[in-house]
1. So, in the stretch 58-74, how many residues would count as being assigned to a helix (DSSP H, G or I) and surrounded by 14 or more Cβ atoms within 10 Å (Cβ to Cβ)?
2. Cβ-Cβ under 8 Å, sequence separation 6+ or interchain: first residue in the stretch 5-26 and farther than 21 Å from Pro93 by Cβ, partner assigned to a helix (DSSP H, G or I) and more than 12 Å from the ligand (Cβ to nearest atom). Which pairs?
3. Of all the residues that make up the stretch 90-120, how many are open to solvent by 70 Å² or more (accessible area, probe 1.4 Å) and either in a strand (DSSP E or B) or more than 14 Å from the ligand (Cβ to nearest atom) (or both)?
4. Just to be sure, is Asp85 more than 22 Å from Glu131 (Cα to Cα) and open to solvent by 10 Å² or more (accessible area, probe 1.4 Å)?
5. How many residues does the stretch 121-139 hold that are surrounded by 14 or more Cβ atoms within 10 Å (Cβ to Cβ) and part of a loop (DSSP other than H, G, I, E, B)?
6. Please go through the stretch 1-16 and pick out each residue that is open to solvent by 10 Å² or more (accessible area, probe 1.4 Å) and away from the ligand (no atom under 13 Å from the Cβ).
7. Closer than 29 Å to Ala89 by Cα and either among the polar types (S, T, N, Q) or open to solvent by 80 Å² or more (accessible area, probe 1.4 Å) (or both): does that describe Asn50?
Amino acid sequence: MKNLIIINGPNLNLLGKREPNIYGSLTFNEFFETIKSKYPNVAFEHYQSNIEGELIDKLHEMGFKYDGIILNAAAYTHTSVSIGDAVAAIETPVVEVHISNTFNREEFRHQSFVAPHAKGVIVGFGLQSYELAIQSFLD
Ligand code: DQA
């Protein structure tokens, strides 16, 4: 059985309410329940924080024992050298995901401090981005 954790950064606790035209109208918990029942052979965990240091602590905690980390660092993707360094420091492979296509949005969203250290990046498929990341760990 694989252990995968989804780590979500700031404002992603508001999925379902937050700018539904960009991020959709499903809450993360609703989505997470369907994922858990669709992949019964995967042990999933989900962690969300709005605080940069807490996200780094979680990467350190999981990054030497889990099989895979799916990371949507949200706006910290574009600003946080520390989260990029944390991804570089750990052993567990990290797939960076984004719900929206960050490349057809504002220019500041085109930069990622995570991507150079990630196993791969999945961008722009709505919540399905997370599922594609899950599948990348199962293949
Ligand atoms: C996001 C894209 C980021 O630019 C933004 O700050 C977010 C969400 C996404 O999943 O599309 O909060 O990571």
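The values are calculated or read from the model by the stated rules, or taken from the named source; none is laboratory data. Since this is a predicted model, take the numbers as computed values, not measurements. Virtual Cβ from ideal backbone geometry, glycine too; neighbours counted across all protein chains shown. What goes into the accessible areas is simple: the full protein's heavy atoms, side chains included, and nothing from ligands, DNA or RNA. Shrake-Rupley method; radii C 1.70, N 1.55, O 1.52, S 1.80 Å.
1. Here the count works out to 4.
2. Short answer, once both residue conditions are applied: Leu15/Phe31; Gly16/Glu30.
3. 4
4. yes
5. 4
6. Met1, Lys2, Asn3, Gly16
7. Here the answer is yes, as Asn50 does meet what is asked.
Residue-by-condition table, conditions (1) farther than 16 Å from Pro10 by Cα; (2) out of contact with any Ser or Thr (no Cβ under 8 Å at 6 or more places or on another chain):
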{"position": "His60", "(1), (2)": "yes, yes"}
{"position": "Lys65", "(1), (2)": "yes, no"}
{"position": "Gly68", "(1), (2)": "yes, no"}
{"position": "Ala75", "(1), (2)": "no, yes"}
{"position": "Glu91", "(1), (2)": "yes, yes"}
{"position": "Pro116", "(1), (2)": "yes, yes"}
{"position": "Gln128", "(1), (2)": "yes, yes"}
